[in-house]
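Participant: The structure under discussion is supplied below as structure tokens; questions concerning it will follow.
The values are calculated or read from the model by the stated rules, or taken from the named source; none is laboratory data. Since the model is a prediction, treat every value here as computed from it, not as a measurement. All Cβ positions, glycine included, derive from the backbone under ideal geometry; neighbour counts span all protein chains shown.
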Amino acid sequence: MPPGGETVVGKSFRFVSLLLASLSLLTATPGTADEIRSPSLTALRVDWRAALDQFRTEINSRPLIAGDFIFVPRRSVSRYDPRATPALVQLNAVSSQFFTGIARSSVPVLLPFDAVAYLEAQRNGAPGTPLALSRYQADFNPVDMFDAGPAGYSATFSLEPGAGEGMPSRTFAKPVEVQITGSALVYDIADPASGKGEPVKPLATIFPDLRKFIREGYVRYAFTRFGVAYVVSIPCLDSIAKPRRLACKEAYPVAERFLKALRVAGGQRMRPLMDVASYVTERPVPRSTDFSYRPSGDIIPNTGYRKQGGHPDAMAYAQIRFPLEKAPAFVHSQSYAKRDKDDGPTAYPWRDNFCESRSFEVWQCGGGYGHQGEDIRAANCPSSDDSHEPCDPKQRGVVAVRDAVVIRAPKDQAVTLEVNSRTERIRFRYMHMNPQALNADGVLNGRIVSEGEKIGVISNFLDHPAGTSMHLHFDIQVFTRDGWIWVSPYVTLVSAYERLIRARGREIGPEIAGTPQPVAHAAPEDVVKPDLREGTSSEEN
């Protein structure tokens with residue numbers, strides 16, 4: 001198989017499939033204006049034979065350790081049985097000491113961890129002597145976050161200032177955070193910026209298709225190996241270096257050090273994933289007497305970047321539980337609503353604020369800048385005295401929208417929930433809850449939460465208490481070949497709210513000019529809909 005991981009036949013099949021899907025869209029009966037669709041995803045085929053060959057090559061330099069690994073497959077078991085690849089079972093046993101659950105990854109796990117060097121040092125060292133893990137991770141600290149599941153894995157590492165022999169000095173005075181995700185699922189979204197980037201000549205021999213580009217606040221390095229999409233990314237700003245601000249130019253050598261150190265660290269062959277087709281989502285039949293919402297993309301006039309409009313997107317990217325514990329709740333701008341006499345912060349209809357003007361890069365929004373998510377406000381406490389239910393505006397519950405794993409370090413202002421299943425590779429981010437309260441409640445890296453579980457309360461934290469208004473910022477990222485990309489959560493929230501109140505809302509307001517997103521893998525009407533609930537797995541106003 002070529003370095004890109006896809007054969008000529010495979011590419012031809014993919015082209016024909018997409019062509020047929022496009023033709024089916026052209027001949028399909030148009031839907032209604034308020035139709036809500038699910039996303040489509042492409043499942044990649046993992047070449048485990050190539051992964052085993054790479055692992056064998058990596059360990060051959062240490063023959064004493066290499067002899068301990070068994071590469072002869074067990075013929076009496078299914079190829080999806082772990083015993084069919086004993087070398088991977090042995091490797092997972094070593095790596096799982098530091099990367100919990102690594103065998104749950106359905107793709108080869110590439111990490112800056114030299115398991116064979118670690119084993120050799122362990123064998124040569126005195127019994128019971130602890131080994132400094134960073135020595136076998138190219139001087140990167142022990143992993144901050146690691147999650148593996150049916151779609152792949154994600155991990156976050158850091159490099160301390162001054163660490164790493166031969167690294168250039170930098171102005172940024174904090175550890176540099178490096179993220180890596182490998183996935184066998186990628187979302188099919190209309191993305192004119194996708195696939196761009198420049199080659200990295202010093203790494204071209206190791207990663208022939210490596211692309212480097214700056215996007216949505218990260219410098220990213222995307223490549224394909226074993227048929228899998230991998231992206232290494234570092235949060236940075238494309239600006240001058242400052243002690244509290246990492247410039248992307250300072251991040252380049254850190255990322256390249258990370259990439260050079262990548263080794264096969266584990267993972268396990270599983271049954272191949274299937275493409276997920278888009279379909280029209282079901283909605284409650286009863287009509288709500290009060291819930292109404294303006295169309296997706298209909299932001300308050302002149303509030304977009306350089307007064308540009310919003311981004312119409314009729315996609316519900318996941319079937320979620322609404323993130324506030326109770327209704328009523330209101331999606332409205334917290335920055336511009338007071339300027340609009342017809343749109344109060346706690347009243348229907350809802351109004352999209354995904355593309356409101358901010359300094360954050362958002363590829364979907366006009367000019368490439370937007371809000372990244374939606375602001376949600378709980379209802380005011382009732383003013384009447386006849387309500388027997390206690391109402392504390394500072395205790396409005398925020399809940400997990402799905403069964404998921406938490407991504408959050410103790411100093412983070414945001415809580416991210418990641419879903420990693422056979423049909424989804426998606427993240428949900430919550431902002432403005434109080435970090436100290438989140439720490440006290442154990443809302444930290446690796447915690448597993450259940451859908452509907454209370455994870456905090458609406459607050460007004462932004463760098464400090466009372467830094468913003470009392471509201472929740474909620475956004476969504478999906479994994480693509482360019483890495484994690486922000487998409488509009490507005491229709492996803494509309495759909496979730498309808499399920500919460502068990503009634504269908506009413507879309508009001510003018511039609512929004514714009515071309516709908518093309519939908520790949522359009523499902524025929526008799527298609528079996530995938531179970532999107534399967535599996536569990538910085539900076540805005």
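Participant: What are the residue pairs meeting all of these: first residue in segment 413-437, first residue of a type in the set (Ser, Thr, Tyr), second residue modelled with pLDDT under 95 and assigned to a loop (DSSP other than H, G, I, E, B), Cβ atoms under 7 Å, and 6 or more apart or on different chains?
Facilitator: Close Cβ pairs (under 7 Å, with a partner that is modelled with pLDDT under 95 and assigned to a loop (DSSP other than H, G, I, E, B)) amount to Ser421/Glu534; Ser421/Gly535; Ser421/Ser537; Thr423/Pro530; Thr423/Asp531; Thr423/Leu532; Thr423/Glu534.
Participant: Taking only pairs six or more apart or across chains, which ones have beta-carbon atoms under 7 Å, a first residue in segment 68-82 that is surrounded by 14 or more Cβ atoms within 10 Å (Cβ to Cβ), and a second residue that is in a loop (DSSP other than H, G, I, E, B)?
Facilitator: Pairs that qualify, where the first residue is surrounded by 14 or more Cβ atoms within 10 Å (Cβ to Cβ) and the partner is in a loop (DSSP other than H, G, I, E, B), are Pro73/Thr85; Pro82/Gln268.
Participant: Ok, one more. Can you name every residue in segment 86-104 that is touching a helix residue (DSSP H, G or I) at 6+ places or on another chain (Cβ under 9 Å), over 16 Å from Ala132 (Cα atoms) and buried (at least 18 other Cβ atoms within 10 Å of the Cβ)?
Facilitator: Residues satisfying the conditions are Ala87, Leu88, Leu91, Asn92, Ile102, Ala103.
Participant: Checking the condition out of contact with any Phe, Trp or Tyr (no Cβ under 9 Å at 6 or more places or on another chain), aliphatic (A, V, I, L, M), loosely packed, with under 14 Cβ neighbours inside 10 Å and modelled with pLDDT of 95 or more, which residue from Ala440, Ala466 passes?
Facilitator: Of the residues listed, the single one that is out of contact with any Phe, Trp or Tyr (no Cβ under 9 Å at 6 or more places or on another chain), aliphatic (A, V, I, L, M), loosely packed, with under 14 Cβ neighbours inside 10 Å and modelled with pLDDT of 95 or more is Ala440.
Participant: Next question, about the same structure. I'd like the full set of residues that are within 21 Å of Val143 (Cβ to Cβ) and more than 12 Å from the chain's Cα centre (by Cα), limited to segment 409-437.
Facilitator: Going through segment 409-437, the residues within 21 Å of Val143 (Cβ to Cβ) turn out to be 409-412, 414-420, 425, 427, 429.
Selection gives Ala409, Pro410, Lys411, Asp412, Ala414, Val415.
Participant: Quick check on my filter: what residues within segment 182-195 are in a loop (DSSP other than H, G, I, E, B) and modelled with pLDDT of 95 or more? If you could, list the steps in order and put the result at the bottom.
Facilitator: Step one: of segment 182-195, the residues in a loop (DSSP other than H, G, I, E, B) are 184, 188-195.
Passing the criteria: Ala184, Asp188.
Per-residue answers, yes or no, for (1) crowded, with 21+ Cβ neighbours inside 10 Å; (2) at pLDDT below 95; (3) of a type outside the set (Gly, Ala, Ser):
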position: Tyr252; (1), (2), (3): no, no, yes
position: Val264; (1), (2), (3): yes, no, yes
position: Arg306; (1), (2), (3): no, yes, yes
position: Phe322; (1), (2), (3): yes, no, yes
position: Val331; (1), (2), (3): yes, no, yes
position: Asp340; (1), (2), (3): no, yes, yes
position: Pro345; (1), (2), (3): no, yes, yes
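Participant: Moving on. Quick check on segment 223-240. Is at least one of its residues among the basic types (Lys, Arg) and buried (at least 23 other Cβ atoms within 10 Å of the Cβ)? Spell out how you get there, then give the answer.
Facilitator: Our first condition is that a residue be among the basic types (Lys, Arg); within segment 223-240, this holds for 225.
The next check asks that each one be buried (at least 23 other Cβ atoms within 10 Å of the Cβ); those that pass are 225.
Yes.
Participant: Moving on. Among the residues of segment 196-217, write down those that are of a type outside the set (Lys, Arg), at negative phi and not in a strand (DSSP E or B).
Facilitator: Of the residues in segment 196-217, the ones of a type outside the set (Lys, Arg) are 197-200, 202-210, 213-214, 216-217.
Now restrict to residues that are at negative phi: 198-200, 202-210, 213-214.
Of everything in segment 196-217, those that are of a type outside the set (Lys, Arg), at negative phi and not in a strand (DSSP E or B) turn out to be Pro199, Val200, Pro202, Leu203, Ala204, Thr205, Ile206, Phe207, Pro208, Asp209, Leu210.
Participant: Return yes when Val494 is buried (at least 17 other Cβ atoms within 10 Å of the Cβ) and part of a loop (DSSP other than H, G, I, E, B) and no when it is not.
Facilitator: Values: buried (at least 17 other Cβ atoms within 10 Å of the Cβ): yes; part of a loop (DSSP other than H, G, I, E, B): no.
So Val494 fails the test.
Participant: Where the second residue is at pLDDT below 95 and part of a loop (DSSP other than H, G, I, E, B) and the first is farther than 16 Å from Ala184 by Cβ and lies in segment 264-278, which pairs have Cβ atoms under 8 Å and are six or more apart or on separate chains?
Facilitator: Final answer for the pair search is Ala277/His521; Ala277/Ala523; Ala277/Val527; Ala277/Pro530; Ser278/Val519; Ser278/Ala520; Ser278/His521; Ser278/Ala523.
Participant: Can you confirm whether segment 141-148 contains a residue that is farther than 22 Å from Arg56 by Cα, at pLDDT below 95 and part of a loop (DSSP other than H, G, I, E, B)? I'd like the intermediate steps shown before the answer.
Facilitator: Initial filter on segment 141-148 (farther than 22 Å from Arg56 by Cα): 141-148.
Now drop any that are not at pLDDT below 95, which leaves none.
Within segment 141-148, none of the residues are farther than 22 Å from Arg56 by Cα, at pLDDT below 95 and part of a loop (DSSP other than H, G, I, E, B).
Participant: Could you check segment 47-67 and list, in sequence order, the residues that are more than 35 Å from the chain's Cα centre (by Cα) and either modelled with pLDDT of 95 or more or surrounded by 14 or more Cβ atoms within 10 Å (Cβ to Cβ) (or both)?
Facilitator: Within segment 47-67, Arg62, Ile65, Ala66 meet the criteria.
Participant: Taking the options Phe291, Phe354, name whichever one is at pLDDT 95 or above and assigned to a loop (DSSP other than H, G, I, E, B). Write out each step before concluding.
Facilitator: Numbers: Phe291 fails: assigned to a loop (DSSP other than H, G, I, E, B).
Within the list Phe291, Phe354, the selection yields Phe354.
Participant: Here's something else I'd like to know. Go through the residues of segment 380-399 one by one and say whether even a single one is hydrophobic (A, V, I, L, M, F, W, C), more than 30 Å from Pro175 (Cα to Cα), modelled with pLDDT under 95 and surrounded by fewer than 23 Cβ atoms within 10 Å (Cβ to Cβ). It would help to see each step written out before you state the result.
Facilitator: In the first step, residues of segment 380-399 are kept if they are hydrophobic (A, V, I, L, M, F, W, C); the result is 381, 391, 398-399.
Imposing the further condition that a residue be more than 30 Å from Pro175 (Cα to Cα) reduces the set to 381, 391, 398-399.
Next cut, modelled with pLDDT under 95 only: 381, 391.
The next check asks that each one be surrounded by fewer than 23 Cβ atoms within 10 Å (Cβ to Cβ); those that pass are 381, 391.
Scanning segment 380-399, I find at least one residue that is hydrophobic (A, V, I, L, M, F, W, C), more than 30 Å from Pro175 (Cα to Cα), modelled with pLDDT under 95 and surrounded by fewer than 23 Cβ atoms within 10 Å (Cβ to Cβ), so the answer is yes.
Participant: Do you know which residues across segment 466-493 are over 22 Å from Ser333 (Cβ atoms) and not aromatic (Phe, Trp, Tyr)?
Facilitator: In the first step, residues of segment 466-493 are kept if they are over 22 Å from Ser333 (Cβ atoms); the result is 478-485.
If the condition is that a residue be over 22 Å from Ser333 (Cβ atoms) and not aromatic (Phe, Trp, Tyr), then Val478, Thr480, Arg481, Asp482, Gly483, Ile485 are the ones that fit.
Participant: Considering each of Leu185, Leu210 in turn, give the residue that is closer than 24 Å to Gln137 by Cβ and not polar (S, T, N, Q).
Facilitator: Working: Leu185 fails: closer than 24 Å to Gln137 by Cβ.
Just a single option satisfies the conditions, and that option is Leu210.
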